[in-house]
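Here is the structure we will look at, set down as structure tokens.
The values are calculated or read from the model by the stated rules, or taken from the named source; none is laboratory data. All of these numbers come straight from a predicted model, not from anything done at the bench. No Cβ is skipped: glycine too gets one built from the backbone with ideal geometry, and neighbour counts run over all protein chains shown.
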């Protein structure tokens, strides 16, 4: 068995697609702004986020009900400089629900939502402390 992607089911496909492409800067595997499916990746690594039009999949499965309430997905993206990423994404129209801050002593995080309300965590990994309690 091999995991190929995590797919978000979305109602306003064009808005969510533009958010991941234009605001977060992920690269589409192919242009598909009108859907019903797209796969977008960061510049590095093999990970990808896929988008699927919720209504289209509901027609296939005949089981998807009303829109979910509350957070149903968390997309995590690692960045080298959280403050720089925060500034850049804010300049592109991202609205953060939590500003950059430490989460424990190993990472710093910030949170924003895509147009459908899916939660996105940006992580900056901090240098690990050595076992003697010394510096970074």
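Taken over segment 3-19, the residue count meeting the criterion of being surrounded by fewer than 16 Cβ atoms within 10 Å (Cβ to Cβ) and in contact with a strand residue (DSSP E or B) (Cβ under 6 Å, 6 or more places away or on another chain) is 1. Among the residues of segment 100-112, those identified as more than 17 Å from residue 24 (Cβ to Cβ) and either in a strand (DSSP E or B) or in contact (Cβ under 8 Å) with a residue 24 or more places away in the chain (or both) are 101, 102, 103, 105, 107, 108. Checking each residue in segment 35-47 for being closer than 13 Å to residue 9 by Cα and assigned to a strand (DSSP E or B) picks out 37, 38, 39. Hey, does segment 30-41 have a residue that's out of contact with any helix residue (DSSP H, G or I) (no Cβ under 9 Å at 6 or more places or on another chain), touching a residue at least 12 places away in the same chain (Cβ under 8 Å), within 13 Å of residue 122 (Cα to Cα) and surrounded by 15 or more Cβ atoms within 10 Å (Cβ to Cβ)? No: zero hits. Just one of (1) surrounded by 12 or more Cβ atoms within 10 Å (Cβ to Cβ); (2) at pLDDT below 95 fails for residue 124. It is (2). Here 13, 30, 19 are screened, and the one residue that is modelled with pLDDT of 90 or more and closer than 28 Å to residue 87 by Cβ is 19. For the residues 55, 50, 85, 94, the requirement of being closer than 15 Å to residue 115 by Cβ and either touching a residue at least 12 places away in the same chain (Cβ under 8 Å) or not in a helix (DSSP H, G or I) (or both) singles out 94.
Could you list all residues from segment 77-119 that are closer than 20 Å to residue 51 by Cβ, in contact with a strand residue (DSSP E or B) (Cβ under 9 Å, 6 or more places away or on another chain) and surrounded by fewer than 12 Cβ atoms within 10 Å (Cβ to Cβ)? 95 - this is the single residue of segment 77-119 that is closer than 20 Å to residue 51 by Cβ, in contact with a strand residue (DSSP E or B) (Cβ under 9 Å, 6 or more places away or on another chain) and surrounded by fewer than 12 Cβ atoms within 10 Å (Cβ to Cβ).
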